[in-house]
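The structure appears right after this line, and notes come after that.
The values are calculated or read from the model by the stated rules, or taken from the named source; none is laboratory data. Because the structure is a prediction, the values reported are computed rather than measured. Virtual Cβ from ideal backbone geometry, glycine too; neighbours counted across all protein chains shown.
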Amino acid sequence: MKLVTELIAAIMTETLIILAAGASSRMRQSLVERVDLSPIPFKSKALIPLGESKRPALDYLLDNAEEAGFQKIILVVGTDSAAFREHFGTKDRNNRYRSFHLSYAIQRVPEGRKKPLGTADAIAQALEQYPHLLDEYFVVCNADNLYSAGALKTLRECPDPNAFISYDREGLNFSNDRILSFALLVRDEEGYLKDIIEKPVPEQLASYKDSNGHLYVSMNIWKFLGKDIYPYLQRTPLHPIRNEKEIPNAALLLSKSTHLGLKGHDRKEHVPDLTSADDIAIVEKHLKLRK
């Protein structure tokens, strides 16, 4: 029993990598079109002021990360990180922010591109800047989604070296059109990832349901062992439409190429998301109800 406890403790992680280097083009444009919201000084979706106290959106995610037990935050930002440093700490590494040791990883844009190379590239660059993570477990998520403390804690404490949260579509409080646009997760009977179906045809949805009749999607929250995922982050092909390297494709490569597998942990709950200006009021309403 002691050995099992020690092994589980070894797989638990204190590190959460938060991806905040995206270009946020849709949010930027939608704010321009919303005259009523134009006074919001846009620097990043993660820094949009929310709630009565007008705290940065990322601060609410950090509330949940703190409750989940994380102690180390690595914030992946772009080369212009001044706005983040102004709020979360000016040092490159080990800022004391609340109960966290908060550090920055810089996602640099490759020559010839105007935007970052995508979320898989963001993790790869973070691992290269913090090579000790190649031998450690970490959780990674978006900066513009408000994941629950429960979801974060599930991945922090789960005994699986590589895992993800699989969200029951029925728990997501988005428009039907938006939910239909989410890629579907295909898993085996034990919950391990087998495939990811982008833009599923409505007539085929029934064939992707699990044994209980549910459909599951990813909201881009994962747990990895650095040395397991790193080779696949490098090999991930560019998405044919978005022209970026994306975490789900790297995860799928890992799940199909190793004996380790990628274990899904099911949750049925909403995940507030900041994609466009219309989402701001919706997320603020969620925060008010959460109290």
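Per-structure values
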{"item": "Per-region count, the range 256-287, residues buried (at least 22 other Cβ atoms within 10 Å of the Cβ) and more than 30 Å from TYR60 (Cβ to Cβ)", "result": "0"}
{"item": "Which listed residue is in contact with a helix residue (DSSP H, G or I) (Cβ under 8 Å, 6 or more places away or on another chain), surrounded by fewer than 18 Cβ atoms within 10 Å (Cβ to Cβ) and of a type in the set (Val, Ile, Thr), from ILE123, ILE74, ILE106", "result": "ILE106"}
{"item": "Members of the range 151-169 found to be at pLDDT 95 or above and out of contact with any strand residue (DSSP E or B) (no Cβ under 7 Å at 6 or more places or on another chain), listed by number", "result": "LYS153, GLU157"}
{"item": "Yes/no for ASP160 being surrounded by 14 or more Cβ atoms within 10 Å (Cβ to Cβ) and of a type in the set (D, E, K, R)", "result": "yes"}
{"item": "Residues (under 18 Å from LEU19 (Cβ atoms) and surrounded by fewer than 21 Cβ atoms within 10 Å (Cβ to Cβ)) located in the range 50-62", "result": "ASP59, TYR60"}
{"item": "Check on LYS245, at pLDDT below 95 and among the basic types (Lys, Arg)", "result": "no"}
{"item": "Filtered residues of the range 85-138 (kept if outside any strand (DSSP E or B), aromatic (Phe, Trp, Tyr) and touching a residue at least 40 places away in the same chain (Cβ under 8 Å))", "result": "TYR130"}
{"item": "The listed residue being part of a helix (DSSP H, G or I) and modelled with pLDDT of 95 or more, out of ASP228, ASP177", "result": "ASP228"}
{"item": "Of all residues in the range 212-251 being aromatic (Phe, Trp, Tyr) and farther than 23 Å from PHE70 by Cβ, the one that is surrounded by the most Cβ atoms within 10 Å (Cβ to Cβ)", "result": "TYR216"}
{"item": "Condition met for SER53 (under 23 Å from GLU136 (Cβ atoms) and hydroxyl-bearing (Ser, Thr, Tyr))", "result": "no"}
{"item": "Test: residue in the range 201-211 that is touching a residue at least 60 places away in the same chain (Cβ under 8 Å) and either assigned to a helix (DSSP H, G or I) or buried (at least 16 other Cβ atoms within 10 Å of the Cβ) (or both)", "result": "no"}
{"item": "Some residue of the range 20-34 being at pLDDT 85 or above and buried (at least 17 other Cβ atoms within 10 Å of the Cβ)", "result": "yes"}
{"item": "Qualifying residue in the range 82-99 (condition: modelled with pLDDT of 95 or more, closer than 18 Å to MET12 by Cα, buried (at least 17 other Cβ atoms within 10 Å of the Cβ) and polar (S, T, N, Q))", "result": "no"}
